[in-house]
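A.B. asks: Encoded as structure tokens, here's the structure I'll be asking about.
No value in this document is a laboratory result; all are computed from the given coordinates. This structure is a prediction, so every number in the text was calculated from the model and none was measured. Using ideal geometry, Cβ is built from the backbone for each residue, glycine included, and neighbour counts are taken over all protein chains shown.
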Amino acid sequence: MMSTMDAPVEASVNAWKDAPTHTIKAGGVQFAYRQLGPITGVPVVMLTHLAAVLDNWDPRVVDGLAAKHRVIAFDNRGVGASSGSTPRTIEEMATDAVTFIRALGLDQVDLFGFSMGGMIAQVIALQEPQLVRKLIIAGTGPAGGEGIEKVTRISYIDIARGLLTRQDPKQFLFFTRTPNGRAAGKQFLARLKERTNDRDKAISVGSFRAQLKAIHRWAQHEPADLARIHQPVLVINGESDRMVPSKNTVDLAERLPSSQLVLYPDAGHGGVFQYHEDFVKRALEFL
């Protein structure tokens, strides 16, 4: 069951697959979220990828981070179990994320942004620097980044490929077509099915299109002054990302003053899920 609440509560479960779904109202939106891990310390707020709902987070990644940190994931406005209409810009999504974070009574957080979430994390760090202690951005790129405008085309091609082959499109979008990549994709998709109760609602077609428009606008943006982001940033990806070309990850690391760069071999957009054990270890050390 989903519970409505006005303030965060301590998670009483030990695994992401069992974390209850809560809601909190802020800015006219009923945000759905789940949390896990210790209640003390700086929480890690997770910012999700294109078309994702709460059930799209890899349980091994969440459980790994939650072993040491309070981890909070939420549905963006208009997505999954959250109310409202989906924004058509990354900047509006960032504003929503800040509204949600502040509604939980948090004055400082670490951000983990994957793909579209990494774009949102960059905007939050630039617009609300006092709110952010550290950032982990994976499978993402800067405003105006090379090749990001192709996300819509690649997404639709791989959705069609998934339908034709009766496979989840993330098998193609997130992983390489090598034996290692194929195996990692199947394992990741199996982990996403571990939760059997209180599953989230899938994103609507309208919200998916709104997010694609936001990413396309991000691709057409003038580059931001990333030198203004002085927080430590862990910048990470697979070396063969088709969705957000990996050269964008290198570009981010070069333009961020306090960054660490990790590129996983024989891995694509979902490198942090393919190498989840190594990623969790690096993330915990970084945080």
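A.B. asks: Assigning unit charges at the beta carbon (Lys, Arg +1; Asp, Glu -1) and nothing else, what dipole magnitude in debye, to the nearest 20, does region 157-287 show about its Cα centre?
C.D. replies: Charge dipole, region 157-287, about its Cα centre: 620 debye, nearest 20.
A.B. asks: Using +1 at the Cβ of each Lys and Arg and -1 at the Cβ of each Asp and Glu in region 68-180, identify which of Thr140, Leu164, Gly78 lies farthest towards the dipole's positive end.
C.D. replies: After comparing all options, I get Leu164.
A.B. asks: Over region 114-249, with a single point scatterer placed on each C-alpha, what log10 of the ratio I(q)/I(0) does the Debye formula yield at q = 0.12, 0.19, 0.21, 0.22 1/Å?
C.D. replies: Calculated log10 I(q)/I(0) at the listed q: -0.56, -1.24, -1.37, -1.42.
A.B. asks: Also: Looking at the chain as a GNM with Cα springs under 10 Å, which of Ala214, Ala66, Ala160 has the largest mean-square fluctuation?
C.D. replies: Most flexible of the set in this elastic network: Ala160.
A.B. asks: Could you give each residue of region 115-124 its phi-based ³J(HN,Hα) in whole Hz, using Karplus coefficients 6.51, -1.76, 1.60 with θ = phi - 60°, and x for Gly or Pro?
C.D. replies: 6, 4, x, x, 5, 4, 4, 4, 5, 4
A.B. asks: Quick one: putting +1 on the C-beta of Lys and Arg, -1 on the C-beta of Asp and Glu, what dipole do you get for the chain around its Cα centre, in Debye to the nearest 20?
C.D. replies: Dipole of the chain, to the nearest 20 debye: 720 debye.
A.B. asks: Something else: What shape does the chain take by its C-alpha gyration tensor, where a ≥ b ≥ c are the square roots of the eigenvalues and a/c under 1.5 counts as rounded, a/b above b/c as prolate, and the rest as oblate?
C.D. replies: rounded
A.B. asks: Could you pull out every residue, at least 5 positions away or on a different chain, whose amide H is within less than 5 Å of the one on Ile136? Hs are placed 1.01 Å off N in the peptide plane, and Pro or chain starts have none.
C.D. replies: When sequence neighbours closer than 5 places are left aside, the close amide H contacts are Leu111, Phe112, Gly113, Leu234.
A.B. asks: Take the Cα of Lys213, step 7 Å along the line toward its Cβ, and report every residue of region 145-169 whose backbone nitrogen sits under 20 Å from that point.
C.D. replies: From region 145-169, the list is 148-157.
A.B. asks: For the chain, build the charge dipole from Cβ charges (+1 Lys, Arg; -1 Asp, Glu) around the Cα centre, then report which of His221, Thr95, Ala210 sits farthest towards its positive end.
C.D. replies: The Cα lying farthest towards the positive end belongs to Ala210.
A.B. asks: Classify region 193-234 as rounded, prolate or oblate, taking a ≥ b ≥ c as the square roots of the eigenvalues of its Cα gyration tensor: rounded when a/c is under 1.5, otherwise prolate if a/b is larger than b/c and oblate if not.
C.D. replies: It is oblate, given that a/c is not under 1.5 and a/b is not larger than b/c.
A.B. asks: Exceeding 18 Å between C-alpha atoms, which entries from my cross-link table qualify? They are Lys186/Lys281; Lys150/Lys193; Lys150/Lys213; Lys170/Lys193; Lys17/Lys281; Lys150/Lys247.
C.D. replies: Lys186/Lys281; Lys150/Lys193; Lys17/Lys281
A.B. asks: Between Arg153 and Lys186, how many nm apart are label points set 7 Å from Cα along the C-beta direction?
C.D. replies: 3.2 nm
A.B. asks: Pairs of alpha-carbon atoms within less than 8 angstrom and 6+ residues apart define the contacts here; what relative contact order does the chain have, in percent?
C.D. replies: For the chain, the relative contact order is 21 percent.
A.B. asks: Which value, to two decimals, describes the C-alpha radius of gyration of region 46-149 once divided by 2.2 N^0.38 Å?
C.D. replies: Normalised Rg, Cα atoms only: 1.02.
A.B. asks: If you plug each phi of region 162-168 into the Karplus form 6.51 cos²θ - 1.76 cosθ + 1.60 with θ = phi - 60°, what whole-Hz ³J(HN,Hα) values come out, in order, with x for Gly and Pro?
C.D. replies: Once rounded to whole Hz, the list reads x, 5, 5, 9, 6, 10, 5.
A.B. asks: Residues with amide H under 5 Å of Ser259's amide H, sequence separation 5 or more or different chain, H placed in the peptide plane at 1.01 Å from N; which?
C.D. replies: Val233
A.B. asks: Work out the P(r) tail for region 235-285: percent of alpha carbon pairs separated by more than 19 Å, whole number.
C.D. replies: Here the tail beyond 19 Å accounts for 24 percent of pairs.
A.B. asks: I need the phi-derived Karplus couplings for region 205-214: 6.51 cos²θ - 1.76 cosθ + 1.60, θ = phi - 60°, integer Hz, Gly and Pro marked x.
C.D. replies: Karplus-based 3J(HN,Hα) across region 205-214 equals 4, x, 5, 4, 5, 4, 5, 4, 5, 4 Hz.
A.B. asks: Among Gln274, Ser259, Pro232, flag the residue with its Cα farthest along the positive direction of the charge dipole of region 179-284, charges on Cβ as +1 for Lys/Arg and -1 for Asp/Glu.
C.D. replies: Gln274
A.B. asks: Still on this model: With each pseudo-label sitting 7 Å past Cα toward Cβ, what's the Gln220-Glu254 distance in nm, one decimal?
C.D. replies: For Gln220 paired with Glu254, the spin-label model returns 2.6 nm.
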